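The values are calculated or read from the model by the stated rules, or taken from the named source; none is laboratory data. Just so it is clear, the structure is predicted and the values come from calculations on it, not from any experiment. Methodologically, a virtual Cβ is constructed for each residue, glycine included, from the backbone with ideal geometry; neighbour enumeration extends over all protein chains shown.
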Amino acid sequence: MKWMSLTALSLALCLAALPVLFSRRETAVQPVTQMEMQQEMKPVTVQQTQQAAPMENRSADQPEPFRILDRSTGKVQTVPVQVYVTGALCSEMPATFHKEALKAQAVSAHTWALYCQKQARQNGQPYDFSADPSRWQGYVTEQQARERFGSYFDEYWGRVSQAAQSVDGQILVDSRGQPIVAAYHAISAGKTEPAQNVWGNELPCLTAVDSAGDRHAPGYEKTTAIPIEQLRQKLEQKLEQQDIRLSDDPAQWLAVLERSDSGYVTRMQVGESQQSGLWLRELLGLRSSDFDWEIQDGNFVFTTRGYGHGVGLSQYGAYYLARQGKSYREILAHYYTGAVLQERTDF
């Protein structure tokens, strides 16, 4: 696996919203694919930049707003921090989740956005991060929430707004006082994955921690059937540059060589090449890198556990812990090892 430099990692994380989404039927906890499943990583041309107001024209007690690239229009919108946190929380977690889970998610979203903002300013990038509100990815406006929620708007928006307001200004920082990469995902495989196993860079706050509650999540385990010939085509097309052809025996095409302590496939044999589990997950659109398979009735039948990259806070895990009586502070301390929760002091 080719590891990213820290700069490239920062750009990749901030180019598209980092988590996976949950479906918007608020009684459900089934996540749907977002940034993780290789979409929305195409370059976007910035058509118009709405510059943030100069610092001297902004209230001294207000943080610098976020510049959000709308991936569907190519335009950059300037959004006040608290407006963004509320809209991000609305798009990223069901409003019916426990209030402590909502608070934890709000802090994570705020921290992640601030991390991206700092990286963007250092690199001279014309926007801080991207989102696609029209597809309910990363951030939505109050009006979009009103249109989707209909008669439930007052209840759902009220819950989200209250949660975001209750943790207004709170972020997670590392030992140097800098905002952490507050990664999050839908459902872990029962234990979260260290950042270095996914992105190749060790991030002290993103280590493997237990998240056993995820095993109770609807959609924790899923099977996906792929016809043998279709899988052959996908693999050979991807491996074409290496001039690799698969044997006539499908049972020889794939083999797991190594798993992480969390259960995710980290190294596997694909034909005559070695790849990561993430490589196959992205190629086949699987929900997780914790998978196994068997050949049945002309298909490769993959069974996946969890949903998402598995790094950082598990959204369902946060919901489970909240229902067990844990506070948002305890939830954040559990998933972000060694991170410190504090009020922003940069404005």
| Has the range 287-310 got at least one residue that is in a strand (DSSP E or B) and within 15 Å of the chain's Cα centre (by Cα)? | yes
| said: So, SER108, is that one among the polar types (S, T, N, Q), surrounded by fewer than 19 Cβ atoms within 10 Å (Cβ to Cβ) and either farther than 24 Å from GLY310 by Cβ or in contact (Cβ under 8 Å) with a residue 40 or more places away in the chain (or both) or not? | reply: no
| message | Pull out all pairs, ordered by first then second residue, where Cβ-Cβ is under 8 Å, the residues are six or more apart or on different chains, the first lies in the range 323-343 and is at positive phi and in the same structural domain as LEU172 (by TED's automatic domain parsing), and the second is in a loop (DSSP other than H, G, I, E, B) and loosely packed, with under 15 Cβ neighbours inside 10 Å. | response | GLY338/SER175; GLY338/PRO204
| said: Looking only at the range 204-233, filter to residues that are within 30 Å of GLY177 (Cβ to Cβ) and either aliphatic (A, V, I, L, M) or assigned to a loop (DSSP other than H, G, I, E, B) (or both); which one of those is modelled with the lowest pLDDT? | reply: PRO204
| query | Which of the residues that make up the range 191-238 are out of contact with any strand residue (DSSP E or B) (no Cβ under 9 Å at 6 or more places or on another chain) and β-branched (Val, Ile, Thr)? | reply | VAL198, THR207
| Which residue pairs have Cβ atoms closer than 9 Å, lie 6 or more positions apart in sequence or on different chains, and pair a first residue in the range 73-94 that is over 23 Å from PHE153 (Cβ atoms) with a second residue that is of a type in the set (Ser, Thr, Tyr) and buried (at least 22 other Cβ atoms within 10 Å of the Cβ)? | VAL76/TYR127
| said: With the structure loaded, tell me whether ALA318 is touching a residue at least 40 places away in the same chain (Cβ under 8 Å), under 18 Å from the mean Cα position of the chain (by Cα) and either assigned by TED's automatic domain parsing to the domain that holds LEU172 or closer than 30 Å to GLN242 by Cα (or both) or whether it fails that test. | reply: yes
| field | Candidate set: the range 59-82, residues that are among the aliphatic types (A, V, I, L, M) and touching a strand residue (DSSP E or B) at 6+ places or on another chain (Cβ under 9 Å); chosen: the one nearest to LYS99 (Cα to Cα) | value | VAL81
| Matching helices (runs of 4 or more DSSP H) fully within the range 124-203 where at least 1 residues are in contact (Cβ under 8 Å) with a residue 24 or more places away in the chain and not assigned by TED's automatic domain parsing to the domain that holds VAL107 | 195-199
| request: Mind telling me which of the residues TYR320, TYR316 ends up being within 30 Å of VAL81 (Cα to Cα), modelled with pLDDT of 95 or more, touching a Phe, Trp or Tyr at 6+ places or on another chain (Cβ under 9 Å) and not in a loop (DSSP other than H, G, I, E, B)? | output: TYR316
| Positions within the range 234-264 being modelled with pLDDT under 95 and in a helix (DSSP H, G or I), in sequence order | GLU236, GLN237, LYS238, GLU240, GLN241, GLN242
| Which one of ARG259, ARG245 is more than 21 Å from VAL301 (Cβ to Cβ) and not hydrophobic (A, V, I, L, M, F, W, C)? | ARG245
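For the range 226-261, enumerate the residues that are of a type in the set (S, T, N, Q) and in contact (Cβ under 8 Å) with a residue 40 or more places away in the chain.
Once the filter is applied, which keeps residues that are of a type in the set (S, T, N, Q) and in contact (Cβ under 8 Å) with a residue 40 or more places away in the chain, the range 226-261 yields only SER260.
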